[in-house]
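Note sheet for the following structure.
The values are calculated or read from the model by the stated rules, or taken from the named source; none is laboratory data. Bear in mind the structure is a predicted one, so any value in this text is a computation, not a measurement. Cβ: placed from backbone, ideal geometry, glycine included. Neighbour counts: every protein chain shown. Keep in mind that these areas ignore ligands, DNA and RNA; they rest on the heavy atoms of the full protein, side chains included. Shrake-Rupley method; radii C 1.70, N 1.55, O 1.52, S 1.80 Å.
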Amino acid sequence: MRLGGSVMKEWKTAEEWMNAVLELGYSAVIFPVDCNAPRALIRELRDRIYDNGLVIGEVGVWKNLMLPDPEEREKIVEYSVRQLELAEYVGANCCVNISGSRGNVWDGYHPDNYSRETRELIIEQTRRIIDAVKPSTACYSLEPMPWMLPDSPDSYLELIRDVDREAFAVHLDFCNMINSLERYRDSAELIDECFEKLGPRIRSIHIKDCKVDDYILPFAVAEKRVGEGTLDLVRVLKQANRLDPDIPMYTEHLEKHEDYVYSTEYLKNLARENGLSFQ
């Protein structure tokens, strides 16, 4: 297993960014610039990453591929292609996005997120992005979300079957699949199901915690810093340890540099206490 996360410190040069990565003790990184960055900077970042024996787990897209305007949607498809090309160039495990929302919030709920038309568009766009690049090492993936496809291990398997491209792989976020009281209550079983069904296709993992707020109605799950929620993170580590040893796990959505320092040390100690270790 490898461990990484975001870099919250400001940086201007590849050297400054790498110094922050080494201070955090990461063995995996998220590529910090997109395809619009100067080629020389992209190349220097890539070289420094590999000179330090690190793995690039993710190149992000993070744009809404379900925009109602076809021209604007096409621009995002083109950007996604360029991001997958970047992932291939730097040797990243995957280029990742979410499928997108039909509503006003790019990652929010809308009933049409589950329509047949939306599902067909997800499949068609995913094929187009992959076929435009034909990557030999990097993969394209969709992060699961609570209110859009894929939102469960089975719906991810169905998309893999229907997209029918070897370069379509899994970016796993088990926490994002907890969208009901049943899944929260049975989160240990959900974690096992994710790894058992999706394991061979997993290229990158988000590891985080969550907790139901007892004082908010209706039911709401809040993301928490690792160790401050109720998820069985030891189970996650043991399951991830069965995968390729270079599969990265990332903490995310933390506010400060110190939170990433804490989370990295917490997970390393948790692994050590259970006879496991990160590369």
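Between their Cα atoms, which of LYS197/LYS238; LYS12/LYS63; LYS224/LYS268; LYS63/LYS134; LYS134/LYS197 are more than 23 Å away from each other?
Listed pairs above 23 Å: LYS12/LYS63; LYS134/LYS197.
Treat each spin label as a single point 7 Å out from the Cα along the C-beta direction, and report the TRP11 to ASN36 distance in nm.
Distance between the two pseudo-spin positions: 2.1 nm.
Compute, for ASP154, the solvent-accessible surface of its heavy atoms (probe 1.4 Å) with the complete set of protein chains present, and express it in square angstrom to the nearest 10.
It works out to around 70 Å².
Note down the net charge around GLU44, summing +1 for each Lys or Arg and -1 for each Asp or Glu among other residues with Cβ under 13 Å from its Cβ.
+1
Can you tally the net charge around PRO135? Count Lys and Arg as +1, Asp and Glu as -1, for every other residue whose Cβ sits under 12 Å from the Cβ of PRO135.
Surrounding charge for PRO135 is -1.
Accessible area per residue for the chain in Å², computed with a 1.4 Å probe and the full protein assembly in place, what is it?
47 Å²
Relative to the present Cα-Cα distance, how much length would full extension add between ASN274 and ARG127 at 0.36 nm per residue of separation?
48.8 nm
Starting from the Cα of GLU44, step 7 Å along the direction of its Cβ; do the same at ASP164; then give the gap between the two resulting points in nm.
Label-label distance for GLU44 and ASP164, simple model: 4.6 nm.
Please identify the GluC sites (Glu not before Pro) of segment 231-279 that satisfy two criteria: DSSP loop assignment and at most 14 other Cβ atoms within 10 Å. Which are they?
Passing sites in segment 231-279 are GLU255.
Peptides 94-101, 146-153: what's the order by average Cβ count within 10 Å, highest mean first?
Put in order of decreasing packing, that is 94-101, 146-153.
Just to confirm a number: summing +1 for Lys and Arg and -1 for Asp and Glu over residues other than LYS75 whose beta-carbon lies under 12 angstrom from that of LYS75, what do you get?
Computed value for this residue: -2.
Could you work out [θ]222 nm for the chain from helices alone, using -39500 (n - 2.57) per DSSP H run of at least four and dividing by all its residues? Round to the nearest 500 deg cm²/dmol.
After summing the helix terms and dividing by residue count, I get -13000 deg cm²/dmol.
Express in nm, to one decimal, how much length is gained between ASN104 and TRP147 on full extension, taking 0.36 nm for each residue of separation and deducting their alpha carbon distance.
14.1 nm
Which option, [x] 1.08; [y] 1.74; [z] 0.97, is the value of Cα Rg over 2.2 N^0.38 Å that was calculated from these coordinates?
So the calculated entry is the one marked [z].
With a 10 Å cut-off between alpha carbons and a GNM built on the chain, which of GLU58, GLU88, GLU74 moves the most?
GLU74
Among DSSP bridges having both ends in segment 40-178, what percentage is antiparallel? Round to the nearest 5.
Among the beta bridges of segment 40-178, antiparallel pairing accounts for roughly 10 percent.
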